[in-house]
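The structure appears right after this line, and notes come after that.
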Amino acid sequence: MGLKIAKIAAADMSIRVLLWDQIKVLQREGHEVIAVCGPGKWVEKMRAEGVCVEVIDITRELSPLADLRA
């Protein structure tokens with residue numbers, strides 16, 4: 001039985017460019033992987049390629065209140 005893994009990044013492009021290979025390998029190994037990121041143009045493309053993507057309001061600036069809300 002595989003693990004449930006969430007890969008989290010503020011920007012959708014970070015998921016697609018920096019974490020994409022890790023996500024695909026983990027999926028091939030039988031793990032359930034969810035990408036969590038802010039909205040952007042890559043979200044639908046990633047979903048079309050078989051990755052579950054959850055979009056949340058997340059800021060890239062240092063903001064403890066916004067971080068807590070996310």
Quick one: is Glu44 touching a residue at least 24 places away in the same chain (Cβ under 8 Å) and charged (D, E, K, R)? no
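Would you mind stating whether Arg60 is open to solvent by 100 Å² or more (accessible area, probe 1.4 Å) and under 14 Å from Ile5 (Cα atoms)?
no
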Search the range 12-28 for residues that are closer than 16 Å to Val43 by Cβ and pair each with any residue that is outside any helix (DSSP H, G or I) and open to solvent by 50 Å² or more (accessible area, probe 1.4 Å) when their beta-carbon atoms are under 6 Å apart and the residues are at least 6 apart or on different chains. Asp12/Trp42; Met13/Trp42; Arg16/Trp42
Within the group Lys45, Lys41, which residue is surrounded by 11 or more Cβ atoms within 10 Å (Cβ to Cβ) and either in contact with a helix residue (DSSP H, G or I) (Cβ under 9 Å, 6 or more places away or on another chain) or of a type in the set (Val, Ile, Thr) (or both)? Lys45
From (1) at negative phi; (2) out of contact with any helix residue (DSSP H, G or I) (no Cβ under 6 Å at 6 or more places or on another chain), pick out the condition that doesn't hold for Gly30. (1)
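The values are calculated or read from the model by the stated rules, or taken from the named source; none is laboratory data. Note that the structure is predicted; figures quoted are calculated from it, not measured. Glycine gets a Cβ as well: all are built from the backbone with ideal geometry, and neighbour counts include every protein chain shown. Surface areas here come from the heavy atoms of the whole protein model, side chains and all, with no ligands, DNA or RNA. Shrake-Rupley method; radii C 1.70, N 1.55, O 1.52, S 1.80 Å.
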